[in-house]
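Just below is one structure, and these are the notes that go with it.
The values are calculated or read from the model by the stated rules, or taken from the named source; none is laboratory data. This one's a predicted model, so the numbers in the text were calculated from it and none came from an experiment. Every residue, glycine among them, receives a Cβ derived from its backbone with ideal geometry; neighbour counts consider all protein chains shown. Just the protein is used for accessible areas: all its heavy atoms, side chains included, with ligands, DNA and RNA removed. Shrake-Rupley method; radii C 1.70, N 1.55, O 1.52, S 1.80 Å.
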Amino acid sequence: MDLNQASQEQLQQWQAQLQQDFENFKAQGLQLDITRGKPSSAQLDLSNHLDGILEGDYTSSNGTDVRNYGGLDGIAEMKALGAEILSVPQDMILVGGNSSLTLMFQAMLQAYSFGYAGPDSAWQKQDKVKFICPVPGYDRHFTICEHFGIEMLAVTMDENGPDMDQVEAMVTADPSIKGMWCVPKYSNPTGTVYSSKTIERIAKLGNIAGEGFRVFWDNAYVLHDLNADAAALPAIADFCKQHGTEDSVLQFASTSKVSFAGAGVAFMAASPANLAAFKATLSVASIGPDKVNQLRHAKLFPDMASLKAHMVKHADLLRPRFEVVLSRLEEAFGDNDLGQWQSAAGGYFVSFDTRPGLAKRVVELAAEAGVKLTPAGATYPYGNDPQNSNIRIAPSVPKVDEVDLAMQVFVCAVKLASVEQALEA
């Protein structure tokens, strides 16, 4: 389908056929949802052994009764596992509840309201606070910034990660830029894996940015490879140590898409100074996390080998879904310019770009036919995609045949919206 060379008559014929296909989809009464990157029920079933795994023994390796108060930074077994996941020493790890998003919010609260180097270092002490947001990116990161009234500055991404020439120029020129969001492995939604060079340059930002600058390193998909030959992500902590910027990076991860999404374990890795400040505030709000759940996870994943074996099972469930998405996209758009996308080697998303100006229309059409997509613009700060082109596809929850059907609807919606636009031109 070459819209650039098509006559008005040809465009009208295509529109009529696509409209008929679209009406046929609508008549099926579909209710399919590919909006959010949640584990499917089959993936959650992989961790059902968590129930009863303690067999009445609530004692951690150091003799602590995990049913009681205390242990603000988590049990030793999970600190050891978190250290391996994030490639840091164990004394840099804090283990929290089920949500790394909660830890990220608390880390932002600490920086904004209390500071990591005493009250005078709190970001709220200055007139303006800005944050760098690589785009397309994760909507919940943007929501946190909006909640605190932090101005978001979009930075483009390429195959190596954020445009670091742009990032470095911005932080050098503007000391009110106090942080940057990063999803370094299988970035949400593009699936980009940051290159070693990019990671080192991010680690060095603390030497050129304004006082109090912090990178929020959300390594949500560090474990979520779809293929066995996936390369390991270079450890940003090693680069920070090399360049003397240990205080400038806060790392996060969790088992939310590894075990039970609503009952996992979250990790934060930070320098001793950052951890001390964070825990001083946390101790006011909490006497300790759910250590019983932490011990359950320690029994389920006693070491990295068991955790990696578990993730292979996840990959086996996810891979067919991604293969269907990519196959349908290649079949429909591989020989034309109606859409562009990035192949996903891991994570939970496929990022798709329509022709400029069409994303909202595609989402609207898909919804009419019973396929729910993430709102257009969600992958940009303030919900404003300047090109109105990016759409995030999350195929993990529906069954494989349902993903296939949803993608048929999606393809039809993209083509129909594209032909409509061409006819209006």
Scan (1) open to solvent by less than 80 Å² (accessible area, probe 1.4 Å); (2) farther than 24 Å from GLU402 by Cβ; (3) touching a residue at least 60 places away in the same chain (Cβ under 8 Å) for the single condition ALA16 breaks and write down its number.
-> (3)
Residues that are among the β-branched types (Val, Ile, Thr) and closer than 15 Å to LEU30 by Cβ, drawn from the range 364-388 | VAL371
Within the range 3-33, the residues that are in a helix (DSSP H, G or I), within 11 Å of ALA366 (Cα to Cα) and of a type in the set (D, E, K, R) are LYS26
State all residues of the range 230-249 that are over 22 Å from the mean Cα position of the chain (by Cα) and either modelled with pLDDT under 95 or part of a loop (DSSP other than H, G, I, E, B) (or both); if no residue qualifies, say none.
-> GLY244, THR245
How many residues does the range 218-233 hold that are touching a residue at least 40 places away in the same chain (Cβ under 8 Å) and open to solvent by 40 Å² or more (accessible area, probe 1.4 Å)?
-> 3
Out of all the residues in the range 351-359, is one or more of a type outside the set (A, V, I, L, M, F, W, C), touching a Leu at 6+ places or on another chain (Cβ under 8 Å) and open to solvent by 60 Å² or more (accessible area, probe 1.4 Å)?
-> no
Mind listing whichever residues of the range 400-420 are out of contact with any Leu (no Cβ under 6 Å at 6 or more places or on another chain), in contact (Cβ under 8 Å) with a residue 12 or more places away in the chain and not hydrophobic (A, V, I, L, M, F, W, C)?
-> ASP404, GLN408, GLU420
Residues in the range 277-297 that are closer than 14 Å to GLY97 by Cα, among the aliphatic types (A, V, I, L, M) and open to solvent by less than 50 Å² (accessible area, probe 1.4 Å) total 3
For the range 250-276, which residues satisfy the criterion of being in contact (Cβ under 8 Å) with a residue 24 or more places away in the chain, of a type in the set (A, V, I, L, M, F, W, C) and surrounded by fewer than 21 Cβ atoms within 10 Å (Cβ to Cβ)?
-> ALA261, ALA263, ALA273, LEU275
Is it the case that some residue within the range 106-114 is touching a Gly at 6+ places or on another chain (Cβ under 9 Å), within 19 Å of ALA261 (Cα to Cα) and buried (at least 19 other Cβ atoms within 10 Å of the Cβ)?
-> no
Note on the range 326-350: residues surrounded by 21 or more Cβ atoms within 10 Å (Cβ to Cβ), aliphatic (A, V, I, L, M) and more than 26 Å from LEU11 (Cα to Cα) are ALA344, VAL350
Pairing a residue in the range 313-342 that is under 19 Å from VAL371 (Cα atoms) and without any contact (Cβ under 8 Å) to a residue 40 or more places away in the chain with any residue that is among the hydroxyl-bearing types (Ser, Thr, Tyr) and open to solvent by 60 Å² or more (accessible area, probe 1.4 Å), where Cβ atoms lie under 9 Å and the two sit 6 or more apart in sequence or on different chains, gives LEU326/SER343
The one condition LEU46 fails out of (1) open to solvent by less than 50 Å² (accessible area, probe 1.4 Å); (2) within 33 Å of the chain's Cα centre (by Cα) is (1)
Using the structure shown, decide if LYS38 is open to solvent by 60 Å² or more (accessible area, probe 1.4 Å) and assigned to a helix (DSSP H, G or I).
-> no
Quick one: would you say THR190 is part of a loop (DSSP other than H, G, I, E, B) and modelled with pLDDT of 95 or more?
-> yes
Residue identified as modelled with pLDDT under 95 and under 25 Å from LEU318 (Cα atoms) among GLY37, GLY82 = GLY37
Looking at (1) within 30 Å of SER283 (Cβ to Cβ); (2) over 32 Å from the mean Cα position of the chain (by Cα), which is the only condition SER60 fails?
-> (2)
